[in-house]
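The structure appears below as structure tokens.
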Amino acid sequence: MQKNKIGTVALLASVSAIILAACSASETSAKLVGAKVDDYMLVDQTGMGHILKYDTITPAVVLVSHVNGDKGALAAAKTVQDLAAKHPNVVFHMINSADSDTRDTIAAEAKANGITIPILDDEYQLIGNSLGFTYAGEAVIVDPKKNFEIVYHGPADTIETALTDVVAGKAPATAEVMDIKGTKLVFADRGKEAEFAKISYSNDVVPILMAKCVDCHQPNGIAPWHMTNYQQVKTFAPMIRESIRRDRMPPFDADSHYRAFAKNENLSAEETKTLVHWIEAGAPSDIAEGGEDPLVKGVLGRPDWPLGEPDLVVDIPAYDVPAAGVVDYQIPAVKSPLTKGKWLKATTFKPGNRQGVHHILAGWLPKMPANGRGFDWEISMGGYAVGNESNLAPSNWATWVPPGGAISFQMHYTPIGKAFTDNSKIAFYFQDEAPEMMKRQVVIADPSIEIAANTARHHETAYVLFPADVQIYAAQVHAHYRGYASKLTAIYPDGKEEILLNMPHYDFNWQRDYIFKDLIDLPAGTKLVADYWYDNSANNKALQGDTTKALTNPAKKIFWGDQSFQEMLFTAVQFRWKDETPANPRDDLQAALRQTQLLTMADDNRDGKLQESELRTDSEEGASNVTSDGVAPVHQQFKANFAAIDADKDGGLSMQELGAAMEQMQRRRSR
């Protein structure tokens, strides 16, 4: 969430106050050596998330306070940047806790001064305050081997010698230098511990828990423990604080800085600070002896069907999941029970086993597959992943499902150490009247991805090119264990770029549709770009969980594949063609969009052509190397016949040249 903007007059007054504070401040910095630093996740000036305790292999973590416009902070940033070049295995974070600075102003100043080191936006001032920072340019060195204890504290320009000692495994000769000069940091909540002890559990805390937590943390919910009363909350209070600071809970991973979302489950600034400060005050209760706990009254248990009684429930064919091993994707199909066409408004999935069912996708096929299996469906019926059970179209939107045919499923099972039989279900909600608008979906995917070995931030990209005006409704990001972050960016025909969805840190355990509060208009010719960053390094804790190292070894190059130990670049985007209505279907535009994906999935430099270097044809043995919407890559054939296909000999294959090559290949197949 972006900090509130302030007016010009207020800004000048704020800057003047900061300057006066810097000039007149006589307060000495607090002694910090020996203190433990709790985990956090903050977002830097580029939108990338950084987690303190993510990198446990580093010999040291250097944290430096930052304020825009402060010469000392700017010098400190350049010092830190130079040190980062000398110590590539050390983690360096600048932390900006100034209430007058925003993500945008931080990014602008960093760009203007050539600062590429991460400057983290501590927008709620929780992290800088808990660290005990007093001035801009104040630095600490944290030792991960000592449970993230501060082993050095002083001005940023004094840390090089101490850092050399820590990296060498020695204690710094001088651990604390108190003579720190710079802009005085102002923390609105510093020194208010007595006030925080008065935060009301009943009036302040319970309403937040009911609004943002209880839906999962209740009987029949998906969470492993239930917020059924005060004592339960108090018992788990330290975990709640850590989860909030780490931005692990609530599990809504989209960054609200760029776009507003419908059903945004993130905590607001006030909610975040209320919960954290209440827990730090000891999680006091204001329930009178013998009084009623409002949480007990509020938690009633989650209904089987949160959207209400369904119009139709279909059983997904049962499957016996073994206790261990790798389970191939199951693709069962059932005959559609619809005898006449229906307008589909929503679907809800009910997994038979929440631990073992990783995800479910569903779609409509025009006829029942001969072998009872089919996945290349024509109409998407939504999907399930933990945290995303229901798929509800916006007002005046619906999807037409013809009568007959088949309903097909993609089932991804994860063995849980105990064999079980899955009996999942899908519920359908229809509407009688034709909608004003028809919902479509396109998948931005790249089955040619190659994740480099032992690389912490490997980047891959793909896009789609809209041939006509569209309105974007929602997007879902999908990767596997190595997915770290993702962005969805619109590049308009005039070259202007706008970030629509930013996921600073992707969590494989939570996958959901992120629904935009307002429809996003994109004109014809817009490129919608999906950027992904992958962590294929020893720091990735998801890989550390594999004791055999056979499936998730960071020393291996990783390719596209269905299994979680392989990888995907897969962003599903829900949209509408702006001029499409039930009376004016635009299947022609949908077909044109799909046709261009042959190029856009691999056009990494986005120049509208495929260079030979972009036609990556390596693949891991056993990997399907096929996109999840059934599009089989033909890049191998393009690469093998590159010179012949490149008719104009400009070193790139245009859409026209690719189309001609595809026609020729189809004629050969028909013969």
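The values are calculated or read from the model by the stated rules, or taken from the named source; none is laboratory data. The structure displayed is predicted, hence computed values, not measured ones. Backbone-built Cβ (ideal geometry, glycine too); neighbour counts: all protein chains shown. Each accessible area value is taken on the protein alone, full model and side chains, heavy atoms only, with ligands, DNA and RNA left out. Shrake-Rupley method; radii C 1.70, N 1.55, O 1.52, S 1.80 Å.
Data for the structure
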quantity	calculated
For segment 155-160, 3J(HN,Hα) per residue [Karplus equation, 6.51 cos²θ - 1.76 cosθ + 1.60, θ = phi - 60°, Hz, x = Gly/Pro]	x, 4, 7, 10, 8, 4
Probe 1.4 Å, accessible area per residue of segment 444-586, Å²	32
Apportionment of accessible area to carbon and sulfur, the chain, percent (1.4 Å)	52
Over the chain: helical MRE at 222 nm, DSSP H runs n ≥ 4 each giving -39500 (n - 2.57), nearest 500	-6000 deg cm²/dmol
Residue-wise HN-Hα coupling along segment 129-144, computed from phi with Karplus coefficients 6.51, -1.76, 1.60 (Hz; x: Gly, Pro)	5, 5, 5, x, 4, 10, 10, 5, x, 7, 10, 10, 10, 10, 9, x
Tensor-based shape of segment 324-455 (alpha-carbon gyration tensor, a/c under 1.5 rounded, otherwise prolate or oblate)	prolate
Descending semi-axes in Å of segment 167-216, equivalent ellipsoid built from Cα gyration tensor	41, 20, 11
Probe 1.4 Å, protein heavy atoms only - accessible area per residue of segment 199-293 in square angstrom	44
Pairs of Cα atoms farther than 20 Å apart, segment 121-233, %	62
Accessible area per residue in Å² at 1.4 Å probe, computed on segment 121-194	41
Part-to-part distance (alpha-carbon centres) for segment 409-486 and segment 269-313, which is given in Å	31
Positive minus negative residues near Asp39 (Lys, Arg vs Asp, Glu; Cβ under 12 Å)	+2
Alpha-carbon Rg/Rh ratio, for segment 275-388, with Rh computed the Kirkwood way	1.16
Cα-based shape type of segment 402-453, given that a ≥ b ≥ c are square roots of the gyration tensor eigenvalues and the cut on a/c is 1.5	oblate
DSSP-loop trypsin sites (Lys or Arg not before Pro) across segment 448-554, with at most 10 other Cβ within 10 angstrom	Lys496
Sequence-distant residues sharing a close amide H with Gly483 (under 5 Å, placed H)	Asp535
Ordering of 413-420, 599-606, 210-217 by burial proxy (mean other Cβ atoms within 10 Å per residue, highest first)	599-606, 210-217, 413-420
Angle between the chain longest axis and helix 269-280 axis [Cα atoms, degrees, rounded to 10]	60
Average silhouette area of segment 292-347, convex hull of alpha-carbon atoms, in square nanometres	7.8
9 Å beta-carbon shell around Ala456, net charge (K/R +1, D/E -1)	-1
Per-peptide average of other Cβ atoms within 10 Å, ordering 645-657, 48-60 highest first	48-60, 645-657
Amide proton proximity set for His358, modelled H, under 5 Å, gap of 5+	His412, Tyr413, Thr414
Global geometry of segment 197-336, whether rounded, prolate or oblate, following the gyration tensor of its Cα atoms and the 1.5 cut on a/c	prolate
Cα long-axis angle, helix 71-86 against the chain (0 to 90 degrees, to the nearest 10)	60
P(r) weight above 47 Å for the chain, C-alpha pairs, percent	22
Mean projected area (nm²) of the alpha-carbon convex hull when segment 98-171 is viewed from all directions	5.9
Neighbourhood net charge (10 Å Cβ-Cβ; Lys/Arg +1, Asp/Glu -1) for Gly405	+1
Radius of gyration and maximum dimension Dmax of segment 376-527, Cα, Å	18.0, 56
Calculated over segment 47-153: convex hull of Cα atoms, volume per residue (Å³)	98
